[in-house]
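Only one structure is covered here, and it is reproduced in the block below.
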Amino acid sequence: MSVPILQVEQVHRRFGGVKALAGVDFEVNAGELVGLIGPNGSGKSTLVNVITRMIDSDAGRVVVDGADLTRVAPHRVADFGVARTYQRLRLNPELTLQENAATGVLYRHQRPFASALRLWFDVRSTRDAALAQADAALDLMKVPAAVRGKLPKEVPFSLQRRTEIARALVAKPKVVLLDEPAAGMNPAEVVELGELLAAANRQLGVTVVLIEHNMEFVMRVVQRITVINRGERIATGTPAEIRNNPAVVEAYLGTRGEAKASAQA
Ligand SMILES: Nc1ncnc2c1ncn2[C@@H]1O[C@H](COP(=O)(O)OP(=O)(O)OP(=O)(O)O)[C@@H](O)[C@H]1O
Ligand SMILES: [Mg+2]
């Protein structure tokens, strides 16, 4: 039985004269690992920014696990069970990998009174608990224990990306939105990332939305794909259905050579 965990209904967002989102619909069921693809500039990151309340939509609705998220305060998004990573990696350069991952607990602002009181009386055990949660997520993302005390700039890019995913998982989301996590990774690292995401999806039961340009990767890893173009959904289906969908082929061929190249990369 499929239970919707994320429902995006007719969302619009304009930047000056640019219609970044033009009435996009997007649904994800609990426990799914889905792909969100589309040519450069089709509105994928804008959609993630709207869902996570980093920007306002002009119209439409976002519902997560039955709760309307459309106008909630941005700092409460994590409480509704939504976490993300960024197209341009955003780790704190002055914190270690372990500390960066631990900051995921801070996303959950609203604490019941009892735990706020506990925080007050026992900052240290809270810190230790956060670091323990970070370690569990870093284990899952296979960030070796030996490098967790290093700064982001001291480790390969793929480990920085995986640390950012761990930080999102530490917030214990129902849905995690990953904006091109494989970008900048080599082919072996991309394959490993796919395995790690599938493991997180399976072991934590977290619903995963994977934004991706690497078609081969996304088609191999996800169960279902939604394609957007010019801020609208043009297709949704299994990887096999999407591969043969004329509207999708048209959308990718209709864009500039640069977009085609990165779509096939
Ligand atoms: N803050 C902004 N100000 C002005 N225009 C913006 C802004 N953010 C996005 N846009 C425009 O909205 C459109 C959609 O951009 P968006 O970044 O969502 O696309 P995308 O699908 O994520 O593309 P890519 O695959 O290149 O990451 C583009 O035309 C972009 O230039
Ligand atoms: Mg983007």
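The values are calculated or read from the model by the stated rules, or taken from the named source; none is laboratory data. What you see is a predicted model; the values in this text were computed from it and never measured. Quick reminder, even Gly has a Cβ in these numbers, built from the backbone with ideal geometry, and neighbours come from all protein chains shown.
Of all residues in region 42-76, exactly one satisfies the criterion of being near ligand 1 (Cβ under 9 Å from one of its atoms) and out of contact with any strand residue (DSSP E or B) (no Cβ under 8 Å at 6 or more places or on another chain), namely Asn49. Within region 66-90, the set of residues being more than 16 Å from ligand 2 (Cβ to nearest atom) and touching a Leu at 6+ places or on another chain (Cβ under 8 Å) comprises Val77, Phe80, Val82, Ala83. Among the residues of region 195-248, those identified as more than 20 Å from Gln10 (Cβ to Cβ) and among the basic types (Lys, Arg) are Arg202, Arg220, Arg224, Arg243. Residues in region 191-216 that are at pLDDT below 95 and buried (at least 21 other Cβ atoms within 10 Å of the Cβ): Glu212, Asn214. The single condition from (1) over 14 Å from Tyr107 (Cβ atoms); (2) within 16 Å of ligand 2 (Cβ to nearest atom); (3) surrounded by fewer than 15 Cβ atoms within 10 Å (Cβ to Cβ) that Met54 fails is (1). Taken over region 1-19, the residue count meeting the criterion of being under 19 Å from Val209 (Cα atoms) and within 16 Å of ligand 1 (Cβ to nearest atom) is 2. Here Gly35 meets each of (1) within 20 Å of Val77 (Cβ to Cβ); (2) crowded, with 16+ Cβ neighbours inside 10 Å with one exception, condition (1).
Conditions (1) in a helix (DSSP H, G or I); (2) under 18 Å from Leu21 (Cα atoms), marked per residue:
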| residue | (1), (2) |
| --- | --- |
| Leu178 | no, no |
| Pro181 | no, no |
| Met185 | no, no |
| Ala188 | yes, no |
| Val191 | yes, no |
| Ala200 | yes, no |
| Val218 | yes, no |
| Thr226 | no, yes |
| Ile234 | no, yes |
